[in-house]
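These notes are about the structure you will find just below.
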Amino acid sequence: MKKLIIGNLKMNTKPSEFKNYAMTLATKVKGTKNDVVVCPPFTHLHLAGELLEHSKVEFGAQNISDEEKGAFTGEVSASMIKDSGATYTIIGHSERRGKYKETDRLINKKIKTALANGLKVVLCVGENLQTRTAKQATAFVKKQLDEDLKGIYENELDSVAIAYEPIWAIGTGKVPTNKDITKMMETIRNEIEYLYSAKAKEKLTVLYGGSVNLSNYKKILANDTVNGVLVGGACLDVENFAIMCKETY
């Protein structure tokens, strides 16, 4: 079964370094049946458009502004990202929610802006350790989905993938059990059915994004409830990331 494999480079690599990365990745993943996406820093997007054209690899941004244009110094709009040739944007990543205090209301506006500009959205949701310990993880993620998708029409969900990020597992060495992952994947799908329909639930793409690496990706993707992975730090090694992208599931 085809999977969606996304690499988030975060604030790593310079444009000069990304050139070799992109060319290597494009070469290494030839022939894969999976959908492969790389999300480099904003400074690399036009370069990605040049290097990845006609390759198997799509590319996207790690974030967008909630505004279309105007006096918003330092921001990058969805239309600018789309014009670079990008097809995806990540929205609501745990680092944006945590360090930069992005609210669900802001994330909701960003999703609407991205969709209006023809970008596919990877919406990140997930709980921290305190919320999980308090046994509130399910309720917390449901609330995120309810607020983040407010006003989004069902037909627009075709351009939205949900990435579950257990914040407590990122960079800690802790990995949810297969049972934990399955439960949250099902929670997300059931909430989509509640908000939309059984058809929307069936069509939804749900990714896992908690410290995915070369040693655990096979086990994660062997779970039938997981449609793909959002890979963070582990995708910086292009050889290893290419291996994950080429796997047949």
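A compact table of results
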| quantity | calculated |
| --- | --- |
| Within segment 201-224, tally of residues that are crowded, with 18+ Cβ neighbours inside 10 Å and assigned to a helix (DSSP H, G or I) | 4 |
| Complete set of residues in segment 115-151 that are under 20 Å from TYR196 (Cα atoms), within 18 Å of the chain's Cα centre (by Cα) and not charged (D, E, K, R) | LEU115, VAL121, VAL122, LEU123, CYS124, VAL125, VAL141, GLN144, LEU145, LEU149 |
| Failed item, numbered, when LYS143 is tested on (1) part of a helix (DSSP H, G or I); (2) touching an Asp or Glu at 6+ places or on another chain (Cβ under 6 Å) | (2) |
| Every residue from segment 46-57 that is surrounded by 19 or more Cβ atoms within 10 Å (Cβ to Cβ), outside any loop (DSSP other than H, G, I, E, B) and in contact with a Phe, Trp or Tyr (Cβ under 7 Å, 6 or more places away or on another chain) | ALA48 |
| Filtered residue count, segment 117-135, keeping only those that are crowded, with 17+ Cβ neighbours inside 10 Å and either under 18 Å from ALA161 (Cα atoms) or touching a Ser or Thr at 6+ places or on another chain (Cβ under 8 Å) (or both) | 10 |
| Filter result (surrounded by fewer than 18 Cβ atoms within 10 Å (Cβ to Cβ) and either of a type in the set (Lys, Arg) or part of a helix (DSSP H, G or I) (or both)) within segment 89-103 | GLY98, LYS99, LYS101 |
| Exclusive hit being at pLDDT 95 or above, in contact with a helix residue (DSSP H, G or I) (Cβ under 6 Å, 6 or more places away or on another chain) and in a loop (DSSP other than H, G, I, E, B), set VAL36, VAL76 | VAL76 |
| The listed residue being aliphatic (A, V, I, L, M), outside any loop (DSSP other than H, G, I, E, B) and either modelled with pLDDT of 95 or more or surrounded by 17 or more Cβ atoms within 10 Å (Cβ to Cβ) (or both), out of ALA86, ALA114, ALA71 | ALA114 |
| Single match in TYR21, TYR88 (criterion: out of contact with any Pro (no Cβ under 6 Å at 6 or more places or on another chain), of a type in the set (Phe, Trp, Tyr) and within 23 Å of GLU147 (Cβ to Cβ)) | TYR88 |
| Given (1) at pLDDT 95 or above; (2) under 22 Å from MET1 (Cα atoms); (3) buried (at least 16 other Cβ atoms within 10 Å of the Cβ), number of the condition THR182 does not satisfy | (3) |
| Qualifying positions in segment 1-32 - part of a helix (DSSP H, G or I) and of a type in the set (A, V, I, L, M) | ALA22, MET23, LEU25, ALA26 |
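The values are calculated or read from the model by the stated rules, or taken from the named source; none is laboratory data. Fair warning: this is a prediction, and the values are worked out from it, not measured in the lab. Neighbour counts run over all protein chains shown; Cβ positions are idealised from the backbone, glycine included.
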